[in-house]
Structure formats: structure tokens, C-alpha cells
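> Starting off with a structure, shown below.
The values are calculated or read from the model by the stated rules, or taken from the named source; none is laboratory data. Quick caveat, the model's predicted, so the values are computed rather than measured. Methodologically, a virtual Cβ is constructed for each residue, glycine included, from the backbone with ideal geometry; neighbour enumeration extends over all protein chains shown. Accessible surface is based on the protein model in full, side chains and every heavy atom, while ligands, DNA and RNA are left aside. Shrake-Rupley method; radii C 1.70, N 1.55, O 1.52, S 1.80 Å.
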Amino acid sequence: MDLGKSAVTCHDLAVVNLSKIARQADVLLDLMGVAVGSLLLVIGVETYRGGGSVGWPIAGSVLFLVNLWVACRRFARRRKPTPST
């Protein structure tokens, strides 16, 4: 065992793991928003074809497009490297 290396404490590992879990949860929530919007759009179209209100497909499409826009912006922000000062 090399005693010259700096020790990694449990706290350091926990912080790294929490950060990784938070990033993955953030990505999952972005994708779930798009999935929920598309599901509402499909159900709204089916409801409209069955004689329901035209508001359901409109609400589904608005929700889908807003969630898709937000997810695209957040993914683009994650890809950009942080500026070094």
C-alpha cells in the first residue's frame, strides 16, 4: 500500500455519486416531460376522433412542444463547455 497518495474519504465519494445521480435524474425528468406530452397528444387525438372536444389535442400538442423545447434547450446547455476565465 502506497502511503504517499491522498486518501479519498467517504464524503468525497458520496458527493460525486450524488452529483451524478442528480444529473441523471434531471435528464430523466426532461425526457419524461416529453413522454407525458406525447401521451396526452395521442390520447387527445383519440378523444377528438371519438367525438370529444378539440381542446384535448390542442392541449396535448402545446404540452408536447413546450416540453420538447425545454428538453432541447437543456440538452444543448449540457453539451456546451463551460467558459474558462
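> Could you list, in sequence order, the residues of the range 45-63 that are within 23 Å of the chain's Cα centre (by Cα) and either open to solvent by 50 Å² or more (accessible area, probe 1.4 Å) or among the polar types (S, T, N, Q) (or both)?
Result: ILE58, SER61, VAL62, LEU63.
> Here's another thing I want to ask about it. Taking the options SER19, SER53, SER61, name whichever one is part of a helix (DSSP H, G or I) and either of a type in the set (A, V, I, L, M, F, W, C) or at pLDDT 90 or above (or both).
Result of the check over SER19, SER53, SER61: SER61.
> Another one. Of everything in the range 29-38 that's of a type outside the set (Gly, Ala, Ser) and out of contact with any Phe, Trp or Tyr (no Cβ under 9 Å at 6 or more places or on another chain), which residue is most open to solvent (accessible area, probe 1.4 Å)?
LEU29
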